[in-house]
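Trainee: Quick one: the structure is below, questions incoming.
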Amino acid sequence: MKQRVGVGCELRVLEFGISSLEFSCVLKLESLDLLLSFSDFFSLPFLFPFGLFTFVANRKNMIVIREAVKTDAAAIIDFQIAMALETENLDLHRSTVEKGVAAVFDDRSKGRYYVAEDRGRVVASLLTTYEWSDWRNGTVLWVQSVFVIPEYRQQGVFAAIYQHVKAQVETDDSLKGIRLYVEQNNLRAQTVYEKSGMTAEHYQMYEWLK
């Protein structure tokens, strides 16, 4: 698997283990071939999209973005409980959230979770759900349940997950776009979403919840 990383540079992933996030690379710079551990790239700000996974490397972390699996459920449940308390001062019932998260893994028609993982630790997640658009004869993805643990915020983690999801929309003709909702007083999140290229120009959201 090859990925261009700059003029005269070529990165080829030879092997990797997702659980440990350790893998070997060949860096080809002009006529020089070097066998390296990815730890040698920690000082470089790279983002590598590899289809099912996106790898993000910077000076502090080496993060993989991937679709969540059932073993990620415990972290996702903790994130949702923490997010509700932080953003809306709501104390969610854990048993209800456990059932709600499990329902997504049991029925993919409800949605898909994506996570950011740093050296085996899940540090962020979001959920995409589906809206049918008769105007576009296709599906619009709704992004919800976004949470990044505090020590990983303002490091581009959400942007990396968003770009991973956006890349799938751009390559799938049945997907027509991405939408999300945000609390009106959550100005920090609004700034992050706008920097990701989203706009709030067209609609205002209303709701009634039982």
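The values are calculated or read from the model by the stated rules, or taken from the named source; none is laboratory data. Everything numeric in this text was worked out from a predicted model, so none of it was measured. Neighbour counts are summed over all protein chains in view; Cβ atoms, including those assigned to glycine, are modelled from backbone coordinates with ideal geometry. The area values use the complete protein model at the heavy-atom level, side chains included, leaving out ligands, DNA and RNA. Shrake-Rupley method; radii C 1.70, N 1.55, O 1.52, S 1.80 Å.
Trainee: Give the accessible surface of the stretch 91-210 per residue, rounded to a whole number of Å², with probe radius 1.4 Å and ligands, DNA and RNA excluded.
Mentor: 66
Trainee: Roughly how many nanometres apart are two label points built 7 Å out from the Cα toward the Cβ at residue 204 and residue 98?
Mentor: With each label point 7 Å from Cα toward Cβ, the separation is 4.1 nm.
Trainee: Could you work out how much longer the chain between residue 109 and residue 137 gets when fully extended? Use 0.36 nm per residue separation minus the Cα distance between them, nm to one decimal. Walk me through the numbers before you get to the answer.
Mentor: Values: separation 28, 0.36 × 28 = 10.08 nm, distance 1.75 nm.
Extra length available between residue 109 and residue 137 comes to 8.3 nm.
Trainee: In addition: What accessible area, in Å² to the nearest ten, does a 1.4 Å probe give for residue 183?
Mentor: Counting only protein heavy atoms, residue 183 exposes about 80 Å² to solvent.
Trainee: In sequence order, what are the phi-derived ³J(HN,Hα) couplings for the stretch 107-118 according to the Karplus relation 6.51 cos²θ - 1.76 cosθ + 1.60 with θ = phi - 60°, rounded to whole Hz, with x for glycine and proline?
Mentor: For the stretch 107-118, the Karplus curve yields 9, 5, 5, 7, x, 9, 8, 10, 10, 10, 10, 10 Hz.
Trainee: Could I ask something else about it? Whenever you get a sec, line up 87, 71, 129 from highest to lowest accessible area (probe 1.4 Å, protein heavy atoms).
Mentor: My answer, sorted largest first, is 71, 87, 129.
Trainee: Pairs 166/195; 70/195; 110/210; 110/176; 110/166: which exceed 25 Å Cα-Cα?
Mentor: Numbers: 166/195 14 Å; 70/195 31 Å; 110/210 19 Å; 110/176 18 Å; 110/166 19 Å.
Result: 70/195 exceed 25 Å.
Trainee: So for 209, 85, 175, what's the accessible-area order with a 1.4 Å probe, most first? Each step should come with its number before you reach the end.
Mentor: Working: 209 130, 85 100, 175 35 Å².
Heavy-atom accessible area, descending, gives 209, 85, 175.
Trainee: Please tell me the relative contact order of the stretch 131-210 in percent, rounded to the nearest whole number, where contacts are Cα pairs under 8 Å and at least six residues apart. List each step's numbers first, then the result.
Mentor: Working: 51 pairs, mean separation 25.7, N = 80.
Once divided by the residue count of the stretch 131-210, the mean separation gives 32 percent.
Trainee: So what are the stretch 99-210's ellipsoid semi-axes, whole angstrom, largest first, if each one is the square root of 5 times an eigenvalue of the alpha-carbon gyration tensor?
Mentor: Taking √(5λ) for each Cα gyration eigenvalue gives 22, 18, 16 Å.
Trainee: Enter the accessible area of residue 77 (Å², nearest 10), with the probe set to 1.4 Å and all protein chains included.
Mentor: Result for residue 77: roughly 20 Å² accessible.
Trainee: With each pseudo-label sitting 7 Å past Cα toward Cβ, what's the residue 191-residue 71 distance in nm, one decimal?
Mentor: 3.8
Trainee: Right, next: Scaled to the compact-protein estimate 2.2 N^0.38 Å, what is the alpha-carbon radius of gyration of the stretch 93-158, rounded to two decimal places?
Mentor: Cα Rg divided by the expected 2.2 N^0.38 Å: 1.32.
Trainee: Keeping all protein chains in the complex and leaving out DNA, RNA and ligands, what accessible area do you get for residue 166 with a 1.4 Å probe, in Å² to the nearest 10?
Mentor: Its accessible surface works out to 60 Å², give or take rounding.
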